[in-house]
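Read through the structure below, which is laid out as structure tokens, and then see the notes.
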Amino acid sequence: MNRAVKIGIAGTSTALLVLGGIGTYNLLHGLTGGTAGNRTQDTGFDPSAASTTPPSGTEAVKLTRAFLDHWSGQNVGAAAAETDEPDAATLALRQYKEGLRLEKVTFDNVLPAGPSSVTPGATKVTFTVTARVAGGSWSYPSAVAVRKSDNGATAVHWNNSVLYPGLGDGQSLTAGTLPAGSVDAKVVADDGKTDLSGFDSLREIAATIRKNGKATGGRPGTGVAVVDADGAGVKTLKTFKKGSAPVIRTTIDARLQAAAEQAVKDPHLAGRPAGTVAVDWSDGHILAVAHTGADGDIAINGIKSPGSTMKIITSAALFDKAGLTPASAAPCTDSLTANSQTFHNDSGVKANPGSTLAQAFAVSCNTSFIKDGFHYLVHDGDASALHDEAVNVFGMGSWSIGGGVATTDPSIPVEAQGGDQAAQFIGQGRVSATPLFMASVAATVRAGGFRQPIIVPGQQQTSAPRTITPRTAGYLRSMMRATATGGTAAPRLAGLAGVGAKTGTAEEGDHTNGWLTAYDSHIAVAALVEGGTSGVDSAGYVVRRLLTTD
């Protein structure tokens with residue numbers, strides 16, 4: 001890598017200042033001749049007595065031509081003497097040459113441009129610079145500000161923009177092989193080439209990963225770049241030979257992500273905010289994240305009551321802690337009172353006093369799960385069993401999916417009180433979750449164990465304290481399969497091979513939110529639709545799109 005020589009004096013710029021004259025001035029090789037003159041002694045310009053009246057356009061152009069003439073004539077000292085900071089200008093002009101490995105420079109179109117809007121009491125003079133540097137030729141417009149002191153003497157006002165417009169303090173220029181950092185890394189899908197910033201839902205995620213991830217590969221191009229004080233690339237100004245950007249690979253499946261982007265905009269949702277996540281249940285790799293709505297990424301941060309999708313964890317707790325089976329009694333009544341709070345079923349759920357747990361799961365009977373949950377899992381006011389099952393078996397907790405991407409943690413309060421002791425079993429009360437977590441719940445069931453979701457390969461994955469038992473996993477798979485083929489999820493998922501699912505409808509304020517989580521032989525998916533009247537008739541369309549794309 002060719003590193004530019006740094007300009008160490010504050011206020012000195014390291015980009016090529018475009019200097020102009022009526023003719024074309026050539027800077028050949030050196031730029032090392034002469035010494036900086038004392039402008040105050042030689043020509044009388046006094047920086048401490050600068051006039052507030054700008055010099056005329058004729059005066060400003062005359063002085064600028066002299067400055068450019070000296071510079072192009074390789075007399076750095078004489079050029080610097082035409083400025084109001086000759087020492088800084090001398091160092092900058094010499095270091096500029098070395099950083100760019102300058103061979104030749106010409107200046108054209110030197111023209112007055114009226115009073116400077118940046119330097120009070122100065123006249124602006126514009127011109128065009130063409131420089132032959134290491135690797136090629138570079139041309140750009142530039143300008144200087146010319147000041148006048150009370151005694152009538154004029155000088156070029158020296159600052160960073162004399163070398164290149166907008167060059168910052170501590171920055172310099174380099175030419176040749178472009179330095180690392182001058183070209184942004186690409187955050188790509190698992191195919192190694194699809195740029196994630198091309199997906200609407202992943203732009204912020206890609207920007208975060210680009211900032212925090214480790215890029216590999218790539219081939220530097222050649223050109224002109226701004227570098228910082230440590231030689232790291234800041235910005236590419238000119239490319240002579242294009243290279244290839246380094247990449248940060250993620251777990252995203254480009255084809256599935258494209259489907260997810262369309263799924264959350266399904267016409268059946270009527271524009272309602274929606275979020276979905278798909279994961280590979282075998283290893284926890286996040287394959288797709290998509291969302292709509294104005295409140296951010298609800299796929300990974302939309303913390304909402306998950307409704308009846310929570311009955312997956314409730315069932316697991318009943319199997320593990322109470323020894324129940326899918327054939328255990330779970331009477332479905334029209335209503336049920338627990339801790340002085342009365343609960344009802346969703347419309348369309350018929351009472352069935354002889355219902356089993358499997359039947360109650362398939363039709364999503366709330367009263368069945370409240371009755372069994374409150375009876376078997378709440379003891380002497382301790383309602384922590386559901387929380388424990390979620391943490392110990394389903395990995396509920398604080399996750400890092402990698403790349404610095406923030407996610408919102410699910411929550412099942414360990415000390416549920418009052419009506420929440422019953423409401424938690426149907427995913428209401430103070431229970432909250434995201435589509436990311438509910439996709440992981442379905443994945444845990446299908447995989448037979450928790451695999452913490454990640455979006456960057458190699459990211460450390462936390463493990464659950466206890467692996468789901470084969471017995472419990474088998475029971476849940478049978479009930480979720482029945483729900484997909486003949487239960488509440490059947491209108492969207494019946495006929496899809498190997499699919500298990502659970503729907504959910506959660507009350508929130510004056511509306512309901514629709515949920516659905518499911519798996520097939522390859523992926524696990526969850527979707528949330530804010531304002532969805534039911535899980536199957538809102539989130540169901542999103543989930544089906546992903547399962548049929550896989």
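Laboratory data are not the source of any read-out in this text; all were calculated from the coordinates shown. This one's a predicted model, so the numbers in the text were calculated from it and none came from an experiment. Methodologically, a virtual Cβ is constructed for each residue, glycine included, from the backbone with ideal geometry; neighbour enumeration extends over all protein chains shown.
Numbers at a glance
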{"quantity": "For segment 327-395 versus segment 119-161, the gap between their alpha-carbon centres in whole angstrom", "calculated": "79"}
{"quantity": "Segment residue 469-residue 59, length gained on full extension (0.36 nm per residue, minus Cα span)", "calculated": "138.7 nm"}
{"quantity": "Residue order, fewest to most surrounding Cβ atoms within 10 angstrom, among 492, 249", "calculated": "249, 492"}
{"quantity": "Dipole magnitude of segment 39-174 about its Cα centre (Cβ charges: Lys, Arg +1; Asp, Glu -1), debye to nearest 20", "calculated": "360"}
{"quantity": "Proxy reagent accessibility, fewest Cβ within 10 Å first, across 46, 191, 84", "calculated": "191, 46, 84"}
{"quantity": "Segment 120-156 residues near the modelled residue 103 label - backbone nitrogen below 17 Å, point 7 Å along Cα→Cβ", "calculated": "130-139"}
{"quantity": "DSSP H segments from the chain that extend 20 Å or more along their own axis, Cα-based, with Kyte-Doolittle mean of -0.5 or above", "calculated": "57-72, 86-100, 470-486"}
{"quantity": "The chain, relative contact order [Cα under 8 Å, separation at least 6], %", "calculated": "13"}
{"quantity": "Scattering profile of segment 186-249 at q = 0.12, 0.24, 0.28 Å⁻¹ [log10 I(q)/I(0), Debye over alpha-carbon scatterers]", "calculated": "-0.37, -1.07, -1.14"}
{"quantity": "Charge tally in the Cβ shell below 13 Å around residue 104, where Lys, Arg are +1 and Asp, Glu are -1, residue 104 excluded", "calculated": "+2"}
{"quantity": "Theoretical FRET efficiency, 1/(1+(r/R0)^6), r = Cβ-Cβ of residue 212 and residue 235, R0 22 Å, to 0.05", "calculated": "0.60"}
{"quantity": "Spacing of the two label points (7 Å from each Cα toward its C-beta) at residue 49 and residue 417, in nm", "calculated": "8.2"}
{"quantity": "Potential extension, residue 283-residue 347 segment - 0.36 nm per residue separation minus Cα distance", "calculated": "19.2 nm"}
{"quantity": "Taking 376, 541, 519 and counting other C-beta atoms within 10 Å, the order from fewest to most", "calculated": "376, 541, 519"}
{"quantity": "Signed unit charges on C-beta, dipole axis of segment 39-174, positive-most listed residue 64, 79, 110", "calculated": "110"}
{"quantity": "Cβ-derived FRET efficiency at R0 22 Å, residue 197 paired with residue 522, nearest 0.05", "calculated": "0.25"}
{"quantity": "Local electrostatic count at residue 396 - Lys and Arg +1, Asp and Glu -1, tallied over other residues with Cβ under 12 Å", "calculated": "-3"}
{"quantity": "Alpha-carbon centroids, segment 169-210 and segment 488-550: separation in whole Å", "calculated": "35"}
{"quantity": "Dipole axis of the chain (+1 Lys, Arg; -1 Asp, Glu on Cβ), positive-most option in 329, 525, 126", "calculated": "126"}
{"quantity": "Gain in span if fully extended, residue 548 to residue 379, counting 0.36 nm per residue against the direct Cα distance", "calculated": "56.5 nm"}
{"quantity": "R0 of 60 Å, Cβ-Cβ distance residue 337-residue 184: FRET efficiency to nearest 0.05", "calculated": "0.50"}
{"quantity": "Pairwise label distance in nanometres, residue 126 with residue 328, each label 7 Å out on the Cα-Cβ vector", "calculated": "8.1"}
{"quantity": "Charge sum, other residues only, whose C-beta stays under 12 Å from residue 204's C-beta, Lys/Arg counted +1 and Asp/Glu -1", "calculated": "+1"}
